[in-house]
Amino acid sequence: MTIQVGDRIPAATLHYKTDDGIQKIGTEELFGGKKVVLFALPGAFTPTCSAKHVPGYVANAAAIRDKGVDLIACLSVNDAFVMGAWGKDQNVGDSVMMLADGNAELTKAMGMELDASGAGLGLRCKRFAMVVEDGKVTKLNVEAPGAFEVSSAEAILGAL
């Protein structure tokens, strides 16, 4: 079943890269007591994700935070090394936390998996953006296959 507005974020462990190496973070710690914008996409270094999705959140990070958001995070079914390298390539700095869901643990628990095996990409995550307040989904925008409209930084900024 796909996660919906009003649902709590499922328990899962994600990974991210720092200068000290690969770190683990549970969803309870990530979302508990915070207002978080989580956007997800099919893959690091892919065309729409690199040209539009991540750059939009980097460019609008200050405006999103001005709306009371504590954290902006990007989720993809990639490993933490790839997400770390992509974050550097995209110059995210501290504006966006690059989260790796390498085993699709959270992606599957939310019912947001995308079978991209026809394109040789295997299991991926659907493109979406959500607002999560203290672990509860308050806004959820899921893209139609191949689309990039409702999950953009501008769309989320307008919804905050």
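The table for this structure:
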| quantity | calculated |
| --- | --- |
| Single condition residue 108 does not satisfy, out of (1) touching a residue at least 24 places away in the same chain (Cβ under 8 Å); (2) under 15 Å from the mean Cα position of the chain (by Cα) | (1) |
| For residue 89: the one exception among (1) in contact (Cβ under 8 Å) with a residue 60 or more places away in the chain; (2) on the phi < 0 side of the Ramachandran plot; (3) touching a helix residue (DSSP H, G or I) at 6+ places or on another chain (Cβ under 9 Å) | (1) |
| Residue match in the stretch 92-107 (condition: under 15 Å from residue 53 (Cα atoms), modelled with pLDDT under 95 and not basic (Lys, Arg)) | no |
| Flag if residue 129 is of a type outside the set (Asp, Glu), at pLDDT 95 or above, closer than 18 Å to residue 31 by Cβ and under 13 Å from the mean Cα position of the chain (by Cα) | yes |
| Residue list for the stretch 11-42, restricted to those being part of a loop (DSSP other than H, G, I, E, B) and surrounded by fewer than 22 Cβ atoms within 10 Å (Cβ to Cβ) | 11, 12, 19, 20, 32, 33, 34, 42 |
| Long-range neighbours under 9 Å by Cβ, at least six apart or interchain, first residue among the small types (Gly, Ala, Ser) within the stretch 123-138, second part of a loop (DSSP other than H, G, I, E, B) | 129/143; 129/150; 129/151; 129/152; 135/9; 135/32; 135/33; 135/34 |
| Qualifying residue in the stretch 133-142 (condition: surrounded by fewer than 18 Cβ atoms within 10 Å (Cβ to Cβ), at pLDDT below 95 and more than 15 Å from residue 156 (Cα to Cα)) | no |
| Residue among 82, 54 that alone is over 14 Å from the mean Cα position of the chain (by Cα), in a helix (DSSP H, G or I), buried (at least 17 other Cβ atoms within 10 Å of the Cβ) and hydrophobic (A, V, I, L, M, F, W, C) | 82 |
| Restricting the stretch 14-29 to residues that are of a type outside the set (A, V, I, L, M) and under 14 Å from the mean Cα position of the chain (by Cα), the residue that is farthest from residue 101 (Cα to Cα) | 27 |
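The values are calculated or read from the model by the stated rules, or taken from the named source; none is laboratory data. For clarity, every value in this text was computed on a predicted model and none was experimentally measured. Quick reminder, even Gly has a Cβ in these numbers, built from the backbone with ideal geometry, and neighbours come from all protein chains shown.
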